[in-house]
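Data block below; observations after.
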Amino acid sequence: MARSSPLLLLLFALALVAPVAHAAVVEHTFNVGNLSISQLCRPEMNITAVNGQLPGPTIHAKEGDTVIVHLLNDSPYNMTIHWHGIFQRGSQWADGPVMVTQCPVRPAANYTYSFNVTGQEGTLWWHAHISFLRATVYGALVILPRGGAGAYPFSPKPDKEMVVMLGEWWNDNVHELQETAFLTGNPAPAADAYTINGKPGDLYNCSAPNHTRRFEVRRNETYLVRIINAALNTPLFFKVANHSFTVVGADACYTTPYRTDVVVVAPGQTVDALMATPDAPPVAGQRRYYMAASPYDSAIPGPGPPFSPTIATAVLEYVGGGDNTTTDIQMPDMPPFTDTNTAHRFLSNLTALVLPGKPTVPLGAMGTRMFVTIGMGQADCQPDQTMCDPTSTKFASSMNNASFVLPRGTLSMLEAHRSNATAGVYTRDFPDRPPLIFDYTADASDTAQLQYTTKSTKVRTLRFNETVEMVLQNTRLIAKESHPMHLHGFNFFVLAQGFGNYNETVAVPQFNFVNPQERNTLAVPTGGWAVIRFIADNPGMWYMHCHFDAHLDFGLGMVFEVLDGPTPETSVPPPPKDLPRCR
């Protein structure tokens with residue numbers, strides 16, 4: 001047998017260590033402060049923003065890099081940042097949700113977030129995780145493959161990329177809106193506008209300059225469009241006039257290529273989609289086409305104030321050769337605001353792109369099975385809701401009739417977990433089943449006795465490395481609605497989803513064990529259910545909650561407590577020295 005030359009052996013060894021050797025440190029400074037801005041032709045107002053930008057800066061990293069962000073809080077409000085979709089293995093203290101993994105960063109205080117992005121590729125994002133401040137404190141987090149764009153596992157390879165962040169805009173101070181909603185127990189008002197990359201667009205009857213974002217494209221190129229829904233409370237349809245997409249990723253997980261002319265994103269979700277430009281603009285003489293984002297209103301009927309039935313726009317403009325023969329801008333035909341069929345078709349048809357060495361759905365012995373109802377209900381006024389009418393109940397939301405309240409003491413939940421000082425911080429009695437079995441999605445009128453819920457801070461404790469299967473069942477106690485459920489610290493596999501009450505006999509044969517989509521945020525079908533599965537291999541305290549901020553404030557959340565593993569690498573590390581204190 002021929003012997004390998006020393007040179008070949010050296011090259012082979014270098015190839016093995018190359019991914020580690022090329023890992024980098026990506027460092028940013030986030031200065032959170034006031035930004036004076038005018039929207040919708042109104043006088044300038046101050047918002048809370050990062051580095052004077054809306055959206056905030058995009059972080060670009062490669063798989064395996066370490067990201068360090070120095071947060072300087074020059075705003076008048078307490079602040080935390082959540083790195084949405086980052087697993088935070090070994091950096092649990094950097095996850096960000098206030099009072100779950102950290103105390104807030106006080107005004108005039110600083111804190112440094114440090115985490116690794118090993119094993120993750122695609123589009124994620126970051127946002128404030130306190131009050132309603134993520135309405136304006138947010139930005140993209142793009143993780144490229146270690147080998148660059150040429151290493152994407154899909155074709156054609158994109159020539160260029162663009163980040164499209166969808167959001168909501170209020171003409172009032174969002175922090176004050178959230179405080180008033182909490183103190184009174186009444187819902188906050190709906191947004192005044194939707195936005196694309198921070199701007200509402202020129203369909204809002206406002207001719208102010210710089211009111212509409214503009215994206216330049218050239219003919220015969222392929223663009224990777226990174227679409228992020230940063231809205232507080234609204235799922236959105238997204239289209240580009242006379243263009244179509246091939247979806248290749250969702251929540252930083254590759255998908256089987258899926259052709260569509262409409263993308264649907266719930267708050268918290270991301271979608272990566274290829275968009276090809278033809279040799280000539282799609283319409284002769286037409287250089288400009290509207291991107292549009294319109295709301296998907298899934299509530300039947302909707303509690304609280306109505307949503308804003310408006311459309312955000314940006315302009316896609318062809319550059320480089322040829323002249324416009326028209327000043328018109330092509331507008332896409334948007335789905336009706338209540339088009340559940342279109343939303344469900346998109347959200348349920350995605351499947352995973354199965355790749356060698358990547359995680360697949362766990363098929364071993366099940367450690368924990370849960371059936372969890374999610375939805376709106378009623379609760380009594382709490383002692384600190386000083387403007388709440390105590391003679392009547394107010395809106396609440398819950399999971400298995402437990403309406404979640406963040407602890408208000410001197411320890412975050414993660415600090416209490418690690419120091420085994422949980423008394424007065426949380427209890428370990430989150431139920432695996434609802435307290436009562438009933439017709440969860442029936443349009444019944446006599447449900448008053450079922451609507452009542454109580455406030456608590458309950459967690460579900462999981463053994464390290466056990467497999468968890470959870471049925472998420474929407475209820476109709478007040479309204480049927482699609483709730484976007486986000487799990488911190490993990491991705492999960494979506495085995496099946498559907499409408500009505502979950503029926504195990506019918507559903508289990510439909511489970512996808514081959515290529516189920518992998519997500520960190522799932523839009524549970526309105527008046528329906530979904531089944532997810534994940535492995536609890538990441539110790540710590542991990543929030544699971546609805547990504548409608550209004551519902552989160554009402555209590556639609558819970559926390560998984562994952563116990564330490566057998567080695568230091570599978571245990572929660574000591575807290576960083578500059579971890580903020582609650583008092």
For the stretch 392-432 the number of residues that are more than 25 Å from the chain's Cα centre (by Cα) and of a type in the set (A, V, I, L, M, F, W, C) is 5
Among strands (runs of 3 or more DSSP E) entirely inside the stretch 192-257, those with 3 or more residues being buried (at least 22 other Cβ atoms within 10 Å of the Cβ) are 193-196, 222-229, 236-240, 245-250
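Could we say that Arg3 is over 15 Å from Ala135 (Cβ atoms), outside any strand (DSSP E or B), among the basic types (Lys, Arg) and modelled with pLDDT under 95 here? Steps first, please.
On the way: over 15 Å from Ala135 (Cβ atoms): yes; outside any strand (DSSP E or B): yes; among the basic types (Lys, Arg): yes; modelled with pLDDT under 95: yes.
So Arg3 passes the test.
How many residues, within the stretch 530-568, are part of a strand (DSSP E or B) and farther than 28 Å from Asn233 by Cα? Quick ask: steps written out before the conclusion?
Pass one, the stretch 530-568, residues part of a strand (DSSP E or B): 530-535, 540-546, 557-562.
Subsequent filtering for residues that are farther than 28 Å from Asn233 by Cα retains 535, 562.
Adding up the residues that qualify gives 2.
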Picked from the stretch 377-404 (must be open to solvent by 10 Å² or more (accessible area, probe 1.4 Å) and among the hydrophobic types (A, V, I, L, M, F, W, C)), the residue farthest from Phe534 (Cα to Cα) is Met387
Checked the stretch 405-421 for anything surrounded by 14 or more Cβ atoms within 10 Å (Cβ to Cβ) and of a type in the set (Lys, Arg); matches are Arg418
Report yes if some residue within the stretch 465-482 is farther than 26 Å from Leu563 by Cα, open to solvent by 30 Å² or more (accessible area, probe 1.4 Å), in the same structural domain as Thr505 (by the TED database) and within 22 Å of the chain's Cα centre (by Cα); otherwise report no.
yes
If we keep only residues of the stretch 31-52 that are more than 19 Å from Ser131 (Cβ to Cβ) and not hydroxyl-bearing (Ser, Thr, Tyr), then the residue surrounded by the fewest Cβ atoms within 10 Å (Cβ to Cβ) is Pro43
The residue from Thr342, Thr351, Thr360 that alone is closer than 30 Å to Phe464 by Cβ, open to solvent by less than 60 Å² (accessible area, probe 1.4 Å) and either without any contact (Cβ under 8 Å) to a residue 24 or more places away in the chain or not small (Gly, Ala, Ser) (or both) is Thr351
| said: Please determine whether any residue of the stretch 498-518 is under 24 Å from Ala94 (Cβ atoms) and open to solvent by less than 10 Å² (accessible area, probe 1.4 Å). | reply: no
Pairing a residue in the stretch 182-207 that is outside the structural domain of Val164 (by the TED database) and hydroxyl-bearing (Ser, Thr, Tyr) with any residue that is at pLDDT below 95 and surrounded by 22 or more Cβ atoms within 10 Å (Cβ to Cβ), where Cβ atoms lie under 8 Å and the two sit 6 or more apart in sequence or on different chains, gives none
### Query
Would the stretch 147-163 turn up any residue that is in the same structural domain as Leu54 (by the TED database) and part of a strand (DSSP E or B)?
no
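The values are calculated or read from the model by the stated rules, or taken from the named source; none is laboratory data. Not measured: the values here are computed from a predicted model. Cβ: placed from backbone, ideal geometry, glycine included. Neighbour counts: every protein chain shown. Surface accessibility is based on the protein's heavy atoms, side chains included, excluding ligands, DNA and RNA. Shrake-Rupley method; radii C 1.70, N 1.55, O 1.52, S 1.80 Å.
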